[in-house]
């Protein structure tokens with residue numbers, strides 16, 4: 001089994017959940033070729049982000065909780081028509 005794993009018999013690793021070298025909690029999804037495509041991360045101080053990566057691993061779009069809060073639609077009061 002170990003030999004097959006080293007030879008990528010079972011395919012590329014597609015999912016990782018754990019801690020990065022810098023102490024961030026990370027969930028990483030990879031494509032069928034093992035390239036990172038989606039990264040969800042929470043820093044030790046609680047800042048969360050989601051990064052969408054291209055096939056070269058470059059961030060194409062990053063979403064943070066602060067960004068979502070700032071862009072949230074503010075509900076408008078409905079007119080009662082009276």
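The values are calculated or read from the model by the stated rules, or taken from the named source; none is laboratory data. What you are looking at is a predicted structure, and each value in this text was computed from that prediction instead of being measured. Counting neighbours? That spans all protein chains shown, and the Cβs are built from the backbone with ideal geometry, glycine included.
Taking the criterion of being in contact (Cβ under 8 Å) with a residue 24 or more places away in the chain and in contact with a strand residue (DSSP E or B) (Cβ under 9 Å, 6 or more places away or on another chain), would at least one residue in the range 44-62 satisfy it?
yes
Close contacts from the range 2-19, counting a first residue that is farther than 20 Å from residue 31 by Cβ and a second that is modelled with pLDDT of 75 or more and assigned to a strand (DSSP E or B), with Cβ to Cβ under 9 Å and a gap of 6+ residues or different chains, come to 19/25; 19/26.
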